[in-house]
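What follows is a set of notes on a single structure, which appears directly below.
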Amino acid sequence: MNVAELNRVAEAMVAPGRGILAADESTGTIKKRFDALGVESTADSRRDYREMLFRTKEAMSKYISGVILYDETIRQNAKDGTPLVKLIAQAGALPGIKVDKGTKPLPNCPGEVVTEGLDGLGERLAEYRGLGAKFAKWRAVIDIGEHGMPSYTCVSANAHALARYAALCQSEGIVPIVEPEVLMDGDHDIDRCFEVTQRVLNKTFQELRAQRVAFEGMILKPNMAISGKKSAKQASVQEVAEKTIRLLKSCVPAAVPGIAFLSGGQSDEEATAHLNAMNAIGNLPWRLTFSYGRALQAAPQKAWSGKPANVGAGQAAFTHRAHMNSLAALGQWSESLEKAAA
Ligand code: 13P
């Protein structure tokens, strides 16, 4: 394992003022997004949409450090025949790839899931590396529910799989994004989210150590400590920021170069405000940035709505969100900048 090279890539993924665009929606998920806009989901329409994002020069060259792709996209060419991976690299960003195969029900644990995809992963990673991937992503999904959910079984099975994936990535020269997502669905309060996420992160790092993963060569992609969407008690931006930092400091080794959050169903502006408030607190051992899917793409998707005439508007919306999140990654965002630039 070449830890120095892995570390170089990981540092670039969380370079100051830059974050990751999660554009790795599975074919089923992107269809749902397109359906909501009345856009037919075909290989070409998915390509056109993603090509629009990757050709957004300002966003891609100034604010985005890397893009997580889906298997279909890493193999696709732009309309003019240029590989999409090349467009990303030409803009100065790193191509990455989602390598998990999604979730399956976890035996003996009703309502809980485990992420699959370890079989043959070494060979798949070698192929993706040949296609240009510098980093990878694996997402574990943990739901907070009644009767002590998540179970120990669910947390440990998912943490083990994340660690096996991360070790395989590093041995193939690919930086793993380790994503244990505690969902914000549900009516739990922020303290319950804190407690569950702490359990999940502690178990994840225990498993990462057991698999001898080099922390210098990975990125953590966690949820924030945040109130459940249906909770009557919604924590303020400051409380989310303070509790998330306290949580991460208690679980994440300082050797990890960076933490890139998922947005997980927060509104675009909430996701930005929370990241900004954390960076405004400052004095952190790792860089804190974004790896947003919905919170970066909802606005450009809507502005585009499948019409070639709207490509300029879609790119403007993407640039705006990427810019706001870049400022948040530096702790320099404010609501007035948000409104002034909109
Ligand atoms: P969201 O920001 O929409 O949660 O997506 C990020 C992601 O990559 C989830 O795996």
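Derivation of every value follows stated rules applied to the coordinates shown; laboratory data play no part. Being a predicted model, the structure only gives us computed values, none of them experimental. FYI the Cβ positions are ideal-geometry reconstructions off the backbone, even for glycines, and counts take in every protein chain you see.
Look at the alpha carbon pairs under 8 Å that are at least 6 residues apart: their mean separation over the length of the stretch 203-295 gives a relative contact order of 33 percent. Mean sequence separation of contacting Cα pairs (under 8 Å, at least six apart), scaled by the length of the chain, corresponds to a relative contact order of 19 percent. Dividing the summed helix terms, -39500 (n - 2.57) for each DSSP H run of n ≥ 4, by the number of residues in the chain produces a 222 nm estimate of -15000 deg cm²/dmol to the nearest 500.
Which order results if W333, W286 are arranged by neighbouring Cβ count within 10 Å, fewest first? Can you show the working numbers first?
Working: W333 23, W286 20.
Starting with the residue having the fewest Cβ neighbours, the order is W286, W333.
Under a point spin-label approximation (7 Å from Cα along Cα-to-Cβ), what is the E269-N202 distance to one decimal in nm? About 3.8 nm separates the two model spin labels. Footprinting exposure proxy ranking of D44, D80, fewest other C-beta atoms within 10 angstrom first, gives D80, D44. For the stretch 289-342, the alpha carbon positions stretch 35, 24, 12 Å along the principal axes, listed from largest to smallest. Each part reduced to its alpha carbon centroid, the stretch 305-340 and the stretch 5-67 end up 14 Å apart.
Please order E338, E179 by the number of other Cβ within 10 Å, starting at the fewest. Mind dumping the intermediate values first?
Details: E338 20, E179 27.
Fewest to most other Cβ atoms nearby, the residues stand as E338, E179.
Computed over every Cα-Cα pair of the chain and binned at 10 Å starting from 0, the pair-distance distribution P(r) comes out as 6, 27, 36, 25, 6, 0 percent. The stretch 218-336 has equivalent-ellipsoid semi-axes of 27, 16, 13 Å, by the square roots of 5 times the alpha carbon gyration tensor eigenvalues, sorted largest first. Spacing of the modelled spin labels on K79 and S236, each 7 Å from Cα toward Cβ, amounts to 4.9 nm. Between L284 and A126, the simple label model (points 7 Å from Cα in the Cβ direction) yields a spacing of 3.7 nm.
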